[in-house]
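Reading through the structure tokens given below for one structure.
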Amino acid sequence: MGARLKNITVEKWTALALFVILAILPMTTSLYTTQTFGRFISYMILALALDLLWGGAGLMNLGFAVFFGVGGYIVGISLASQEGLPYFMKSAGMTKLPFFYKPLTSPAAAVALSILIPALLALFLGYFIFTSKIKGVFFNIITLAFAALFELFITNQQAYTGGSSGINGIAAGLSDITFFGQPISIQGWYYIALAALILVYLFCLWLLNGRFGKVINSVRDNEARLQFLGYNPAKFKMAVFAIAGALAGFAGALYIPMTSFISVDSAGVTFSTTILVWLAVGGRGNLTGAMVGALLVNILSSQFSSNFGEMWQLILGVVLVVMVLFLPKGIMGSLMDIQYNRRIHKKHLARSREE
């Protein structure tokens, strides 16, 4: 038993510590802090989804927030429609809900669609990109353009999306969702999000440690050799892209109960690049680094914006640049290197003593 515990790597211990701290948090903090960290948990799920794609398969998506936004908008519009026609539609002169929004009158259907539609969108986009053998910087540019187009679409289609003002009236619809006849509290939504985070983490861990994970790691490391062995890299890229898109949409759905609002700021180019920063800070390719980076950067953003006024973004930028310069593999990547080097050193010492 002791030997098994010693073999557990630092990222696994860190993930366990994170889950325990997050589980205790609502018992020791205010309702506002609980709500804030509930939002951070949805970001951690989003970071796991991108780590699956970027860290696992080596596909750096510069427009990944689109899938998060699609999931969030689907659930947001659904909840805003529970009390009748949403305000932004009334303001545009509409008198009834458009036919393509009819399935969203059911919150359960909306949650399912918030996973399914981002997955299909990622699969559709991935099919044209990967079957055309587009990779590297060209893949980055296409995903960036995709995010810019989606941002433009949301802003221009105000009658259907709320435009730049976002989706309001979500809180009223949220109060209609009950558990054993009682509305779900902020703490209840928080623990639902935390349970989802743990399940998504375990799913990603299982996926990366299995045969599928080995293949997508090979796509990242040496795609030509993988193709030589008879695999079709495009199919595996499409699959991991669709899975990552589905998880990002799910994260967007969980974001809504903690904020009761969503706008284009959560689905565009700027937010997409922010997600990349989370992984750069925490470290990619080990899942825990994605969660640590998302949580740490958002905590720093919250604290700096409260204490440094208009200068907070500049200060945060300097801090993040310093962290990336001194920890090029991210926080978790650096800790894993330290643990690995210590174990190698101990093995060398043990061998030298035996000799």
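The values are calculated or read from the model by the stated rules, or taken from the named source; none is laboratory data. Everything numeric in this text was worked out from a predicted model, so none of it was measured. Here the Cβ is made from the backbone with ideal geometry for all residues, glycine too, and neighbour counts use every protein chain on show.
Quick check on TYR32: is it closer than 20 Å to THR288 by Cα and among the aromatic types (Phe, Trp, Tyr)? Give the steps one after another, and end with the answer.
Values: closer than 20 Å to THR288 by Cα: no; among the aromatic types (Phe, Trp, Tyr): yes.
Spelling it out, it is not the case that TYR32 is closer than 20 Å to THR288 by Cα and among the aromatic types (Phe, Trp, Tyr).
Which ranges mark the helices (runs of 4 or more DSSP H) fully within the stretch 167-233 that have 3 or more residues being of a type in the set (Gly, Ala, Ser) and in contact (Cβ under 8 Å) with a residue 60 or more places away in the chain?
170-174
Take THR259 and tell me if it is touching an Asp or Glu at 6+ places or on another chain (Cβ under 6 Å) and of a type in the set (Ser, Thr, Tyr).
no
Every residue in the stretch 131-149 that is under 19 Å from PHE271 (Cβ atoms) and hydroxyl-bearing (Ser, Thr, Tyr), please.
THR143
Which is within 21 Å of the chain's Cα centre (by Cα) and under 19 Å from VAL269 (Cβ atoms), of ILE154, ILE117, ILE216?
Going through ILE154, ILE117, ILE216 in turn, just one is within 21 Å of the chain's Cα centre (by Cα) and under 19 Å from VAL269 (Cβ atoms): ILE154.
Please indicate, with yes or no, whether at least one residue in the stretch 278-293 is over 17 Å from the mean Cα position of the chain (by Cα) and either closer than 30 Å to ALA112 by Cβ or part of a helix (DSSP H, G or I) (or both).
Residues of the stretch 278-293 that are over 17 Å from the mean Cα position of the chain (by Cα), as a first pass: none.
No.
Just a yes or no: is a residue in the stretch 299-312 modelled with pLDDT of 90 or more, within 22 Å of GLY38 (Cα to Cα) and of a type in the set (Phe, Trp, Tyr)?
No, the stretch 299-312 contains no residue that is modelled with pLDDT of 90 or more, within 22 Å of GLY38 (Cα to Cα) and of a type in the set (Phe, Trp, Tyr).
Here are LEU62, LEU85, LEU16, LEU79: which of them is touching a residue at least 60 places away in the same chain (Cβ under 8 Å), surrounded by fewer than 23 Cβ atoms within 10 Å (Cβ to Cβ) and more than 18 Å from ILE243 (Cβ to Cβ)?
One residue alone meets the criteria, LEU62.
Which residue pairs have Cβ atoms under 6 Å apart, sit 6 or more places apart or on different chains, and have a first residue in the stretch 130-158 that is in contact (Cβ under 8 Å) with a residue 24 or more places away in the chain and among the small types (Gly, Ala, Ser) and a second that is buried (at least 16 other Cβ atoms within 10 Å of the Cβ) and in a helix (DSSP H, G or I)?
ALA147/VAL66; ALA147/VAL269; ALA147/SER272; ALA148/VAL269
Take the conditions surrounded by 10 or more Cβ atoms within 10 Å (Cβ to Cβ) and touching a Leu at 6+ places or on another chain (Cβ under 8 Å) and apply them to LEU300. Does it pass?
Judged against the criteria, LEU300 is a match.
Looking at SER301, SER334, SER305, can you tell me which residue is without any contact (Cβ under 8 Å) to a residue 60 or more places away in the chain and in contact with a Pro (Cβ under 9 Å, 6 or more places away or on another chain)? Steps first, answer last, please.
Values: SER301 fails: in contact with a Pro (Cβ under 9 Å, 6 or more places away or on another chain); SER305 fails: in contact with a Pro (Cβ under 9 Å, 6 or more places away or on another chain).
Testing whether each residue is without any contact (Cβ under 8 Å) to a residue 60 or more places away in the chain and in contact with a Pro (Cβ under 9 Å, 6 or more places away or on another chain) leaves just SER334.
Among the candidates PHE271, PHE261, PHE250, PHE241, which residue alone is more than 14 Å from the chain's Cα centre (by Cα) and of a type in the set (Phe, Trp, Tyr)?
PHE261
Which residue out of PHE68, PHE138, PHE130 is at pLDDT below 95 and closer than 17 Å to VAL240 by Cα?
Going through PHE68, PHE138, PHE130 in turn, just one is at pLDDT below 95 and closer than 17 Å to VAL240 by Cα: PHE130.
If we scan the stretch 309-317, do we find a residue that is more than 30 Å from PRO86 (Cβ to Cβ) and under 18 Å from the mean Cα position of the chain (by Cα)?
Within the stretch 309-317 (the criterion being more than 30 Å from PRO86 (Cβ to Cβ) and under 18 Å from the mean Cα position of the chain (by Cα)), the answer is no, since none of the residues qualifies.
Output yes when any residue across the stretch 254-261 is touching a residue at least 12 places away in the same chain (Cβ under 8 Å), surrounded by fewer than 21 Cβ atoms within 10 Å (Cβ to Cβ) and not in a helix (DSSP H, G or I), and no when none is.
Yes, there is a match, as at least one residue in the stretch 254-261 is touching a residue at least 12 places away in the same chain (Cβ under 8 Å), surrounded by fewer than 21 Cβ atoms within 10 Å (Cβ to Cβ) and not in a helix (DSSP H, G or I).
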